[in-house]
1. If you go through the stretch 166-177 one residue at a time, how many are open to solvent by less than 10 Å² (accessible area, probe 1.4 Å) and either hydroxyl-bearing (Ser, Thr, Tyr) or touching a residue at least 60 places away in the same chain (Cβ under 8 Å) (or both)?
2. Quick one: is THR42 away from ligand 1 (no atom under 11 Å from the Cβ), under 18 Å from LEU151 (Cβ atoms), among the hydroxyl-bearing types (Ser, Thr, Tyr) and in contact with a strand residue (DSSP E or B) (Cβ under 8 Å, 6 or more places away or on another chain)?
3. Any chance the stretch 174-183 includes a residue that's among the polar types (S, T, N, Q) and at pLDDT 95 or above?
4. Out of the residues in the stretch 184-231 that are within 16 Å of the chain's Cα centre (by Cα) and farther than 21 Å from THR23 by Cβ, which is most open to solvent (accessible area, probe 1.4 Å)?
5. Looking at the stretch 121-130, can you tell me whether even one residue there is of a type outside the set (A, V, I, L, M, F, W, C), modelled with pLDDT of 95 or more and within 12 Å of ALA143 (Cβ to Cβ)?
6. Give VAL17, VAL29 a once-over and let me know the one that is within 16 Å of ligand 1 (Cβ to nearest atom), touching a Lys or Arg at 6+ places or on another chain (Cβ under 7 Å) and closer than 19 Å to HIS185 by Cβ.
Amino acid sequence: MLTINQLSKKFGKLLAVDEVDLTIPDGTVGILLGPNGAGKSTVIKSIAGLLRYSGKIMIQDTPALTIEAKKIFAYVPELPVLYENLTVREHITFICKAYGMKDNEEYIESLLERFELHDKQDKLGNELSKGMMQKVSICCALAIRPKVILLDEPMVGLDPKAIKELKEVIRELKEDGVTVLISTHMLEMVKELWDIMFVMNKGKILATYTKEQAENQDIEELFFQVTGGEE
Ligand code: ADP
Ligand code: MG
């Protein structure tokens, strides 16, 4: 479960995030949908503890900035950042060691297979394409078996096979009771994946829809209505 209360973030005079409240229960996929500049990445970076902010963020029942919370959540940034001198395989084993993961060799193998990184596992971070880096970043996040996972525009730069695989992984995480938060500016990418949608623009959450509420409604139409036609 992820709970955010009254999250605000200013960059100088710019109020990038303005009193955002949101809750995503266990086993639920939440979508932060909004145009470029809406404040999605700022919300996600705040949860990940990369920015100073005002407000309260809880992961399960623990403040997000504590070690206990950090142990159980994973973050896939908008732009992947890899270590130049570690191989694909070493990235994953390094993260797993840092998180004290044991006996997950089989799971790591399955991730490498699914994201077609098996034959690239000895390549160094700086020998990879942007899409491959994104896939390594996703595998690292999944390998620690998080209870809460944040994915910032995860489909951008992925090939169709990886997008399909990621969607499948997200469905499995949900079945396992994991809380998933995905930011996107592209509705198309998250169709049939989400349970709760937060429409964000200019730092504010303008509308929240559950899957049931949005049933028989055109989400695209709703999105344009609440954001005033911007995307
Ligand atoms: P989104 O992810 O929805 O596209 P962001 O959260 O990246 O939006 O940005 C929200 C607003 O905050 C934008 O106006 C952006 O220019 C501004 N912003 C983001 N990061 C910084 C920063 N480090 N310094 C100054 N302004 C920033
Ligand atoms: Mg962003």
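1. Start the filter on the stretch 166-177 by keeping residues that are open to solvent by less than 10 Å² (accessible area, probe 1.4 Å), which leaves 166, 169-170.
Among the residues that remain, those that are also either hydroxyl-bearing (Ser, Thr, Tyr) or touching a residue at least 60 places away in the same chain (Cβ under 8 Å) (or both) are: 170.
Residues flagged as open to solvent by less than 10 Å² (accessible area, probe 1.4 Å) and either hydroxyl-bearing (Ser, Thr, Tyr) or touching a residue at least 60 places away in the same chain (Cβ under 8 Å) (or both) within the stretch 166-177 amount to 1.
2. Values: away from ligand 1 (no atom under 11 Å from the Cβ): no; under 18 Å from LEU151 (Cβ atoms): yes; among the hydroxyl-bearing types (Ser, Thr, Tyr): yes; in contact with a strand residue (DSSP E or B) (Cβ under 8 Å, 6 or more places away or on another chain): yes.
No: the conditions fail for THR42.
3. In the first step, residues of the stretch 174-183 are kept if they are among the polar types (S, T, N, Q); the result is 179, 183.
Right, trim to at pLDDT 95 or above and you get 179, 183.
Within the stretch 174-183 (the criterion being among the polar types (S, T, N, Q) and at pLDDT 95 or above), the answer is yes, since at least one residue qualifies.
4. As a first pass, look at the stretch 184-231 and keep what is within 16 Å of the chain's Cα centre (by Cα): 184-187, 189-191, 193-200.
Now restrict to residues that are farther than 21 Å from THR23 by Cβ: 185-187, 189, 191.
On the way: HIS185: 47, MET186: 62, LEU187: 22, MET189: 45, LYS191: 108 Å².
Ranking the candidates gives LYS191 first.
5. Scanning the stretch 121-130 turns up no residue that is of a type outside the set (A, V, I, L, M, F, W, C), modelled with pLDDT of 95 or more and within 12 Å of ALA143 (Cβ to Cβ).
6. Values: VAL29 fails: within 16 Å of ligand 1 (Cβ to nearest atom).
On inspection, the qualifying residue turns out to be VAL17.
The values are calculated or read from the model by the stated rules, or taken from the named source; none is laboratory data. Remember, it's a predicted structure, so these values are computed and weren't measured experimentally. Every residue, glycine as well, gets a Cβ built from its backbone with ideal geometry; the counts of neighbours run over all protein chains shown. Heads up: the accessible areas ignore ligands, DNA and RNA and are worked out on the full protein's heavy atoms, side chains in. Shrake-Rupley method; radii C 1.70, N 1.55, O 1.52, S 1.80 Å.
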